[in-house]
Amino acid sequence: MISLIHNINKSLKFHHTGVLVNNLQESILNYSLLFGAQAISKIHDIKSQQITVCFVKISDDVYLELIQPNEGNTNYDKFLKKGINFYHIGFKCFDFEKTFENLLKNDFRHISTLCSEAFDNKRCAFFMSNELHVIEIIEE
């Protein structure tokens, strides 16, 4: 199992931490004050997940993903109502299929896979670890 974990690590590159927000525009304003307007990406409407997102560039190749649930999205609303706003960590991966299979072999539970507008319609898959942490792998 350790060799499988090592193989997963070699194919992943940290990209972002996803956080839930009640008001995307307000959060953009707050983070613009910290990192400057140039650090804010364009806004993406992810229809398949009923969310609107943007990325804040924290440093070279490290981002914060601001995630606002769209109206009627009860899944994410539940988290926000409980005061939970940390949602997931995202990794770019060089071999999507191999990383996907290795995560399954290491007892990560597959949650969903989609082609995300935020990543030029590349594949993204969400998994949950045994510690109940959600990770996203993003096709490079």
Quick check: anything in the stretch 124-131 modelled with pLDDT under 95, farther than 15 Å from VAL21 by Cβ and of a type in the set (A, V, I, L, M)? yes
Being outside any strand (DSSP E or B), farther than 15 Å from GLU139 by Cα, in contact (Cβ under 8 Å) with a residue 40 or more places away in the chain and of a type outside the set (D, E, K, R), is that true of even one residue in the stretch 59-74? no
Out of THR52, THR74, sole residue that is exposed (fewer than 12 other Cβ atoms within 10 Å of the Cβ) and among the β-branched types (Val, Ile, Thr): THR74
Would you check if TYR87 is at negative phi and at pLDDT 95 or above? no
Could you say whether any residue in the stretch 122-133 is of a type outside the set (D, E, K, R), touching a residue at least 40 places away in the same chain (Cβ under 8 Å) and in contact with a strand residue (DSSP E or B) (Cβ under 8 Å, 6 or more places away or on another chain)? yes
Taking the conditions exactly as written (at pLDDT below 95 and polar (S, T, N, Q)), does SER3 satisfy them or not? yes
In the stretch 107-116, how many residues are surrounded by fewer than 16 Cβ atoms within 10 Å (Cβ to Cβ) and part of a loop (DSSP other than H, G, I, E, B)? 1
Could you tell me which residue of the stretch 6-29 is modelled with the highest pLDDT, considering only residues that are in a helix (DSSP H, G or I) and more than 23 Å from GLN50 (Cα to Cα)? SER11
Does the stretch 1-10 contain any residue that is under 17 Å from the mean Cα position of the chain (by Cα) and surrounded by 16 or more Cβ atoms within 10 Å (Cβ to Cβ)? no
Residue check for LEU104: surrounded by fewer than 19 Cβ atoms within 10 Å (Cβ to Cβ), of a type in the set (A, V, I, L, M, F, W, C) and either touching a Pro at 6+ places or on another chain (Cβ under 8 Å) or over 20 Å from ILE67 (Cβ atoms) (or both): yes
In the stretch 81-99, is there at least one residue being acidic (Asp, Glu), surrounded by 13 or more Cβ atoms within 10 Å (Cβ to Cβ) and over 26 Å from LEU29 (Cβ atoms)? yes
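The values are calculated or read from the model by the stated rules, or taken from the named source; none is laboratory data. Just so we're clear, the structure is a prediction, and the values are computed from it rather than from any experiment. A quick note on method: Cβ atoms are made from the backbone with ideal geometry, for glycine too, and the neighbour counts reach across all protein chains shown.
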